[in-house]
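Below is one structure; the comments refer to it alone.
Derivation of every value follows stated rules applied to the coordinates shown; laboratory data play no part. Nothing here was measured: the structure is a model prediction, and the numbers come from that model. Cβ: placed from backbone, ideal geometry, glycine included. Neighbour counts: every protein chain shown.
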């Protein structure tokens, strides 16, 4: 029988105690050792919160990540983080990140996210997922002052991300790659084809399941291209895609992967989706495909939500997943 899992999408709003500690550290009021202790305790807390609310696939929460690129920017040679300015809006979100400059060949000096996953792997009560940006999305969100060639830039980014994955694979159960650029209608088709090529090189021989997740736009125009991925599953943002149209695409083109990640709830607002209605829609989708696992998740990362609402959103995701399991068992 198909395995139905409630999966954390990645990212987590910073609890008040950690936000206060970060502000104190930046102001020179506490030393790094103190910040690290508070961060470690807070990470364990948010892992417990995910489990307590019924999620099956958990993440570290990425509590010290300012954006999905920043951990890698800090440990890759060839990248320069501007001290002031150079802020850039991430797609249509009311969220800005500091756009880095590529000044020399990109080479990883050390793993960026292994430490947090080492800690999490020892305490996580359920399955653990690592979450990384994809090479196409990464390349489109830097200011390239060195390569002046998209192919060369993506090649080195994918090698650096593959290096990261090699350290993460022994610690986690799943690797998720965020690639919203693959469904962005403004990205050139040749760049998307290049993105698929480098994703495949990056994911080759990874010994654990890998999922390439898209969001913000439906994947209708690039669905056939996505079928060229050598991943174990794909992730889709169902909040922007008509369910019937999505099913029609699956039926017409097939779905050859073992895992599907369905972004069924909206991480961009605090509204709670109706349990019965959403579970019924999800059942109508998985009834059309023969996957081994369906990961029920949010469309986007949770770190844009207020911390005061996060447990309600996770609980609703779990409730939808529980109801979907019932529907599957009833046949």
Please order 307, 257 by the number of other Cβ within 10 Å, starting at the fewest. 307, 257
Mind listing P(r) for the stretch 163-286? All alpha-carbon pairs, 5 Å bins, whole percents. 2, 10, 20, 22, 19, 15, 8, 4, 0
At 20 °C and a viscosity of 1.002 mPa s, what translational diffusion coefficient does Stokes-Einstein give for the chain, taking Rh as the Kirkwood radius over Cα pairs? Give it in µm²/s as a whole number. 106 µm²/s
The stretch 116-146 and the stretch 309-331: distance between their alpha carbon centers, rounded to Å: 26 Å
Within a 10 angstrom radius of the beta carbon, how do 166, 297 rank from fewest other beta carbons to most? 166, 297
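Please compute the volume of the convex hull spanned by the alpha-carbon atoms of the stretch 98-222 and report it per residue in Å³.
It comes to 123 Å³ per residue, whole-number rounded.
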What are the extents of the Cα atoms of the stretch 274-313 along their three principal axes, listed from largest to smallest and rounded to whole Å? 37, 20, 12
Percent antiparallel among DSSP beta bridges confined to the stretch 3-330, nearest 5, equals 20 percent
Cα gyration tensor shape for the stretch 1-151, rounded if a/c is under 1.5, else prolate or oblate: oblate
Please find, in a Gaussian network model of the chain (springs between Cα atoms separated by less than 10 Å), the residue of 33, 212, 187 whose mean-square fluctuation is greatest. 33
In whole Å, what is the distance between the alpha-carbon centres of the stretch 37-115 and the stretch 276-302? 28 Å
For the pair residue 284 and residue 330, how long in nm is the line joining their label points, each one 7 Å along Cα→Cβ? 1.6 nm
